[in-house]
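The values are calculated or read from the model by the stated rules, or taken from the named source; none is laboratory data. Quantities reported herein were computed from a predicted structural model and do not represent experimental measurements. Please note: Cβ atoms are built from the backbone with ideal geometry, for glycine as well, and neighbour counts cover all protein chains shown. Note: areas computed on protein heavy atoms with side chains; ligands, DNA, RNA excluded. Shrake-Rupley method; radii C 1.70, N 1.55, O 1.52, S 1.80 Å.
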Amino acid sequence: MTALRSLPLHLINATNGSLMFDLYLNPYFWALCLGFIVQLLVYLLLFTRLAAYRQPETDSIAWRPVSVIIAARDEARNLKKFLPSILEQDYPEFEVIVIDDQSEDGTGELLEEFQARYPRLKVVTITEHVNEFAGKKLALTLGIKAAQNEILLLTDADSVPVSNQWIRRMAEGYKDANTEIVLGFSPYKVKPSLINLFIQFDTFYTALQYFSFTLAGMPYMGVGRNLSYKRTLFFKSKGFAPFLKVSSGDDDLFVNHNATLNNVAIQLHEESFVLSKPKKSWIDWIGQKKRHLRTGKYYKGQHKSWLGMIWILNVGFYAAVILGIIFINPFWIALAVYGLRVIIQTLIMYLALKKLKMARIWLATPLLDLIYQLIYMPVMGFLGMFTKKRKSW
């Protein structure tokens, strides 16, 4: 800049004009601009749907009887700790059905003790599994068959509602007569560790996608730790039969196969949240995520295409920034475009994080997203290709 100031004005203008001309001819500059515009469209047209979402106020409605379904195998410790919070929900008419699937840790005896104290509790016992690779599907099917009520509310044995209004809030999702599925949110408990921070971001980003797509009229998944659907829908769609041989997918594949433009609602009131226990080691968590990612290949084609395209666009933008720093003169133009994208991204993610009561991680989202898109997703996809099918329990 000092050298330019010492030049005559007409030479400075000529130099600036040459730089601008070179910039216009630089394909890396236009790739960066295109990548930024596409990112802007994804965040403004899709992800702002969750960021700007306002949970509708619900007037007093008629109570709808609810059946809570929990499949459990060797979950005595978790059931002893968490089941009372479900059995003691503040709701006038509900039952809780726990399916004891071949437990060997005293789960059956514990449930007998609970039954003596809680008349709402029903227990279904499985002594032999006809298809181990079906995962929880047999247990859930037997529990649903035993249910007396039309509205089913599913959760896991290691999960706990954050309030005694969980059932009421999830039942409120059925105020529209067309609703057959209600998607809830289930974050993981916060722990002071690096793996927990990444689990929190992964949980958030997954929710950002499936809630935003649902609000855009394209529901494609739900989380079985906090998921509700109607009993008639389950039997009308033949339950889990379409994907019985898939070891997981009792939650997201059921939603993917049965969700339509008009039959899905979301519930994001804080009282409807269900907390879950996070994995403590990278190995355990990666194993869990590999099962989830393998399930994704059974999604409908349009959903796989959209999700794949969003990831490719994210990677493409990061690649354009890196190439721009190397090949665009001056290099700070690429950094400025990246910085503008970070501002927009962080703002929208912050608003979405507030909706999900996860705003504590917002400052880390730019770095976490970079690692997530460029390292985590490719590595997990690669590992998933070479992992043999295992029992999902």
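Worth pointing out:
- Condition met for Gly135 (free of Cβ contacts under 8 Å to residues at least 24 places away in the same chain and either in contact with a Phe, Trp or Tyr (Cβ under 6 Å, 6 or more places away or on another chain) or open to solvent by less than 40 Å² (accessible area, probe 1.4 Å) (or both)): no
- When region 226-246 is filtered for residues that are open to solvent by 30 Å² or more (accessible area, probe 1.4 Å) and either within 20 Å of Val274 (Cα to Cα) or polar (S, T, N, Q) (or both), the ones remaining, listed by number, are Lys230, Thr232.
- Restricting attention to region 184-214 and to residues that are buried (at least 18 other Cβ atoms within 10 Å of the Cβ) and of a type in the set (A, V, I, L, M), the residue that is nearest to Ser276 (Cα to Cα) turns out to be Ile199.
- For beta carbons closer than 6 Å, sequence separation of 6+ or different chains, a first residue in region 272-300 that is farther than 29 Å from Met170 by Cβ and a second that is at pLDDT 90 or above and surrounded by fewer than 17 Cβ atoms within 10 Å (Cβ to Cβ), the qualifying pairs are Trp282/Ile195.
- Qualifying positions in region 83-115 - on the phi > 0 side of the Ramachandran plot and touching a helix residue (DSSP H, G or I) at 6+ places or on another chain (Cβ under 6 Å): Gly106
- Some residue of region 266-275 being modelled with pLDDT under 90 and β-branched (Val, Ile, Thr): no
- Residues of region 282-303 satisfying the condition of being surrounded by fewer than 15 Cβ atoms within 10 Å (Cβ to Cβ) and either among the aromatic types (Phe, Trp, Tyr) or at pLDDT 90 or above (or both): Trp282, Lys300, Gly301, Gln302
- Filtering region 141-168 to residues that are basic (Lys, Arg) and surrounded by fewer than 17 Cβ atoms within 10 Å (Cβ to Cβ) leaves only Lys145.
- Among the residues of region 79-102, the ones that are polar (S, T, N, Q) and open to solvent by less than 20 Å² (accessible area, probe 1.4 Å) come to 1 in all.
- Scanning region 322-355 for residues that are hydrophobic (A, V, I, L, M, F, W, C), open to solvent by less than 80 Å² (accessible area, probe 1.4 Å) and not in a helix (DSSP H, G or I) yields a total of 1.
- Residue count for region 320-359, restricted to those that are among the small types (Gly, Ala, Ser) and free of Cβ contacts under 8 Å to residues at least 40 places away in the same chain: 3.
- Residues in region 31-87 that are more than 25 Å from Ser212 (Cα to Cα) and aromatic (Phe, Trp, Tyr) were compared, and the one that is modelled with the highest pLDDT is Phe82.
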